[in-house]
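The values are calculated or read from the model by the stated rules, or taken from the named source; none is laboratory data. Computed from a predicted model, the values in this text were never measured in an experiment. Neighbour counts run over all protein chains shown; Cβ positions are idealised from the backbone, glycine included. Ligands, DNA and RNA are stripped out before the accessible areas are found, and what is left, the full protein with its side chains, is counted by its heavy atoms. Shrake-Rupley method; radii C 1.70, N 1.55, O 1.52, S 1.80 Å.
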Amino acid sequence: MKAVIMAGGFGTRLRPLTNNVPKPMVPLANKPIMAHIVELLEQHAIADLVVLLHFQPELIEAYFGDGSAFGVRMTYIAPTEDYGTAGSVKNAEAHLSDPFLVISGDLLTDFDLTAAVAFHRERQADLTIVLTRVENPLQYGVVITEPNGRINRFLEKPTWSEVFSDTVNTGIYIIEPSVLKLIPPRREFDFSRDLFPLMMREGKRLYGCIAEGYWRDVGDILEYRLAHQNVLEGAVRVRVPGRKVEGLDRAIWLGEGSRVDFTAGLRGAVIIGRNARVEANARVTNSVIGDGCVVEEGASISDSVLWAEVRVGRGATLTENVVGRGTEIKARASLFEGALVGDGCSIGEDATVKADVKVWPQKVVEDGATLSTSLIWGDRWARSLFGAYGITGLANVEITPEFAAKVGAAFGASLREHAVVCTSRDAHRTSRLVNRALICGLLSAGVNVHDLRVSPIPVVRYQMGRKGAVAGLHARRSPYDPELLDLKFFDERGMDISTNREKGIERLFFREDFRRAKIDSTGILSFPEYDIEYYQDGILNFINQQAIRDRAFKIVMDYGYSSAATVFPAVLGKLGCEVIALNAYIDETRITKTAEEFQRSLRQLGEIVRILGADLGFLLDTGAEKLFLVDNKGDHLSDELALAVVALLVSRTQRPGVIGVPVSASAVLEEMVGLQGFRVQRTKIAPRAQMEAAAGEGVVFAGDAFGGFIFPAFQPAFDGMLAIVKILEMLALGELSIHEAIRLVPQRMMARDQLPCPWERKGTVMRSLIEATQTEEVELVDGVKIRRGPDWVLLYPDPDKPTFHILAEASARARAEELVDSFRGRLQVWVAGEGAR
């Protein structure tokens, strides 16, 4: 007798295990599921096999070949279309001139197929369905037979109210070739849905044979794990590869070339694949270890399945997990119950993957990270939620509505009940979606929400503290990458929240023990008309309006399609400025600018300034936090030069005080402002550091050398709109043009570069750098800054990327580039793992 093996399944419910292999090739007890079926058929003298393929057929053909290695003969058929179960068999009709057996290539069974064939022949059946009895028949076709086995009722996948039997269709059929005439060619036709009802209507001899033995449809992850446990328990008769030895309480199978340290503990039944290694003091309980796996010293694995080439690091713990091929679980990592990790992943040292989380193939969970939601489309999961700019992730992929609701709940739980939080967003539709999810999370924690809807970030920051607001949240599309979304968090002063508060939110998020309000205590959502006039009046009262009016500036203003266009024109109008406005409307499709688009905008702005004879031009980012300047000749000011110019204007027009700038800013700042009685305070590079400096005593101005300017007497946060009017005021008071101010800035040259540096090497590189510069004049404000007379070079690790930055300043460009080059080579050596020198 021939057999037809149905091997075309995608294995959708087994994803991500089936992302890279067809379902019949998923390993079960260290061999493909289909290999167990082929061996079963061979045991019952069914050696002529027709294999129906569909998804990734080449992998199945490459493994089984012509079947001779398995004692059978194999013919492969791969239809060009999906014809359904019966239609696919019809497509192989040319090979099926005698009675044949049909069986799925992705189930596990030890049925007596010889007895089933004998039943079929004795009954002279046209088609016999092999049946079994199960506790939960809802997922299968339910069958009732007469005493002689003839089927008189059949229902595919019933509800509980429809269940009339616990006897179900196993997907194994014995078929006479005449039945194929009932199946239409080259069209979709299913056994259960189409063929069986047709045979019953036409009175064909359709029989059911109730088989004794083991049968399991390995349809999802739970069934897959249970099938392995059944193999380990001996509940199903299959050939397990390897040499069987007696363990302490159950059998252990050792593959060829495998090594188990004598101090390792193997408990229960364990299958260890070929060339695998279990090191000292490791513990493996009721688990399957794939070919070529390494279980390092002190690791603990229980009730788990490891595919081939998995490496489990020292002290790592796996409990009831499935781990895909080629994945590395690093030292002391923990996988909780039901977690599943796909092929080629890296789970970092001390990382935690929470219960039932799925990690799709080729993903990275960083050292120390806690992953509590499935990682599907993003590349990695960081050890912390927060980066330098709040929480940033792929829109609707990493930052999903579910994720945002959880973040909102964690943030809300960090506040007192019935506290007021202001929420806001940019104009993009996905920002609105995520903002609503954040609001849901906040309300669930018993926090009241004032949703300000589409608002410029500085306006929202300025509202903090008003009407009881103690915190704020803003969702926006990243201005730098169209695929990313940013979530920005504000404290009661409108500043970015502190690192300690970020860590508190992270702990709540990862522990998932947020406060949940009772039904009558959930938060109240309101939509107050936020007071635009309050912000506008605040700006106008903060500056010398008359000085600006008297100067009668002519400016070109590029709003960058931001919501600032709804707020700022009225301010400029009251100051008597002649304004040529560009892009003064909201457009969600233009929120993000590529580097090329940004430069094009600056060139366009410069041309218009020059042609119209304007005094200067301004370009706001879409959040209205950052500001970019063009002088009266149409030339763009670099970020470093713009910071220097504004600092110069501050020193010439404001009372002496402190100016806060990052450690990466030019040394000309001390040279310029010191003459006017000002002191420069160097800060870390992160935006939060600029705000903290701005909030300090005596600070009159802070800037970040990336287009951000803070005048803390107004608010201790970046505000591009305020910076514009303040620059106009200071130019008026100082009786300078922007070009004249530029000429007063001493010239220094900067060079910069960056090098890739793995996260795990950053600490080592910093140590090597400090050791190598012990005898030099060094500052350790942020990274390592080495002074060489008036010149300097700064090296610092990127907080959000596996990168090291090198920045140098000197009187000549060649000297700055020389400094960068000299340290680039040393960094490369340290990143590669060699010591300081």
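Below is a table of values for the structure above.
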| quantity | calculated |
| --- | --- |
| Matching residues in region 422-434 - criterion: being open to solvent by less than 10 Å² (accessible area, probe 1.4 Å), of a type in the set (A, V, I, L, M, F, W, C) and outside any helix (DSSP H, G or I) | Cys422 |
| Single residue of region 546-589 satisfying the filter (open to solvent by less than 60 Å² (accessible area, probe 1.4 Å) and among the β-branched types (Val, Ile, Thr)) that is nearest to the chain's Cα centre (by Cα) | Val567 |
| Condition check for Ile543: of a type in the set (A, V, I, L, M, F, W, C), in contact (Cβ under 8 Å) with a residue 40 or more places away in the chain and either open to solvent by 50 Å² or more (accessible area, probe 1.4 Å) or farther than 30 Å from His636 by Cβ (or both) | no |
| Residue match in region 374-388 (condition: at pLDDT 90 or above and not in a loop (DSSP other than H, G, I, E, B)) | no |
| Which numbered condition Ala595 fails, given (1) under 40 Å from the mean Cα position of the chain (by Cα); (2) buried (at least 19 other Cβ atoms within 10 Å of the Cβ) | (2) |
| Filter result (of a type in the set (Ser, Thr, Tyr) and open to solvent by 20 Å² or more (accessible area, probe 1.4 Å)) within region 529-540 | Tyr530, Tyr534 |
| Cross-chain or 6+ apart pairs with Cβ under 7 Å, region 56-70 first and over 15 Å from Pro24 (Cα atoms) and free of Cβ contacts under 8 Å to residues at least 12 places away in the same chain, then open to solvent by 60 Å² or more (accessible area, probe 1.4 Å) and among the charged types (D, E, K, R) | Asp66/Arg73 |
| Residue identified as at pLDDT below 90, surrounded by fewer than 21 Cβ atoms within 10 Å (Cβ to Cβ) and not aliphatic (A, V, I, L, M) among Ser526, Ser498 | Ser498 |
| Among the residues listed as Asp800, Asp782, the single one being in contact with a strand residue (DSSP E or B) (Cβ under 8 Å, 6 or more places away or on another chain), within 30 Å of Gln463 (Cα to Cα), not hydroxyl-bearing (Ser, Thr, Tyr) and not in a helix (DSSP H, G or I) | Asp800 |
| Selected residue (criterion: farthest from the chain's Cα centre (by Cα)) from residues of region 726-747 that are among the charged types (D, E, K, R) and open to solvent by 60 Å² or more (accessible area, probe 1.4 Å) | Glu735 |
| Residues that are farther than 16 Å from Leu616 by Cβ, in a helix (DSSP H, G or I) and in contact (Cβ under 8 Å) with a residue 24 or more places away in the chain, drawn from region 558-575 | Ser563, Ala564, Thr566, Ala570, Val571, Lys574 |
| Some residue of region 413-420 being open to solvent by 10 Å² or more (accessible area, probe 1.4 Å), part of a loop (DSSP other than H, G, I, E, B), closer than 27 Å to Ala689 by Cβ and among the polar types (S, T, N, Q) | yes |
| Every pair of residues 6+ apart whose Cβ atoms lie under 6 Å, when the first sits in region 34-53 and is touching a residue at least 12 places away in the same chain (Cβ under 8 Å) and over 13 Å from Leu113 (Cβ atoms) while the second is part of a helix (DSSP H, G or I) and among the small types (Gly, Ala, Ser) | Leu52/Ser88 |
| Among residues of region 246-259, those that are open to solvent by 40 Å² or more (accessible area, probe 1.4 Å), at pLDDT below 90 and not basic (Lys, Arg), counted | 3 |
| Failed item, numbered, when Asp303 is tested on (1) touching a residue at least 60 places away in the same chain (Cβ under 8 Å); (2) surrounded by fewer than 24 Cβ atoms within 10 Å (Cβ to Cβ); (3) under 20 Å from Gln362 (Cβ atoms) | (3) |
| Any helices (runs of 4 or more DSSP H) falling wholly within region 1-100 and containing at least 2 residues that are in contact with a Gly (Cβ under 9 Å, 6 or more places away or on another chain) and crowded, with 20+ Cβ neighbours inside 10 Å | 33-43, 84-90 |
| Checking Pro456 against (1) surrounded by fewer than 21 Cβ atoms within 10 Å (Cβ to Cβ); (2) closer than 25 Å to Pro569 by Cβ, the condition it does not meet | (1) |
| Tally of residues being closer than 19 Å to Ala732 by Cα and part of a loop (DSSP other than H, G, I, E, B) across region 597-636 | 6 |
| Residue in region 706-719 that is of a type in the set (Val, Ile, Thr) and assigned to a helix (DSSP H, G or I) present | no |
| Qualifying position, being in contact with a helix residue (DSSP H, G or I) (Cβ under 8 Å, 6 or more places away or on another chain) and without any contact (Cβ under 8 Å) to a residue 40 or more places away in the chain, among Asp520, Asp491 | Asp491 |
| Single unsatisfied condition, Ala751 versus (1) among the small types (Gly, Ala, Ser); (2) surrounded by 19 or more Cβ atoms within 10 Å (Cβ to Cβ); (3) assigned to a helix (DSSP H, G or I) | (3) |
| Asp486 being acidic (Asp, Glu) and under 34 Å from the mean Cα position of the chain (by Cα) | yes |
| Which listed residue, of Ala475, Ala517, Ala437, is modelled with pLDDT of 90 or more, under 30 Å from Lys354 (Cα atoms) and crowded, with 23+ Cβ neighbours inside 10 Å | Ala475 |
| Enumeration of residues in region 722-748 that are in a loop (DSSP other than H, G, I, E, B) and at negative phi | Leu736, Ser737, Leu744, Val745, Pro746, Gln747, Arg748 |
| When residues of region 522-564 are limited to those that are of a type in the set (A, V, I, L, M, F, W, C) and out of contact with any strand residue (DSSP E or B) (no Cβ under 9 Å at 6 or more places or on another chain), the one farthest from Arg461 (Cα to Cα) | Ala547 |
| Matching residues, region 617-653, being open to solvent by 10 Å² or more (accessible area, probe 1.4 Å), free of Cβ contacts under 8 Å to residues at least 60 places away in the same chain and not charged (D, E, K, R) | Gly634, His636, Ser638 |
| Residue in region 389-404 that is least open to solvent (accessible area, probe 1.4 Å), counting only those that are of a type outside the set (D, E, K, R) and at pLDDT below 85 | Val397 |
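Yes or no, residue by residue, for (1) at pLDDT 95 or above; (2) closer than 22 Å to Gln229 by Cα; (3) of a type in the set (Ser, Thr, Tyr); (4) touching a strand residue (DSSP E or B) at 6+ places or on another chain (Cβ under 8 Å):
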site: Ile289; (1), (2), (3), (4): yes, yes, no, yes
site: Val295; (1), (2), (3), (4): yes, yes, no, yes
site: Leu318; (1), (2), (3), (4): yes, yes, no, yes
site: Arg325; (1), (2), (3), (4): no, yes, no, no
site: Gly338; (1), (2), (3), (4): no, yes, no, no
site: Ala369; (1), (2), (3), (4): no, no, no, yes
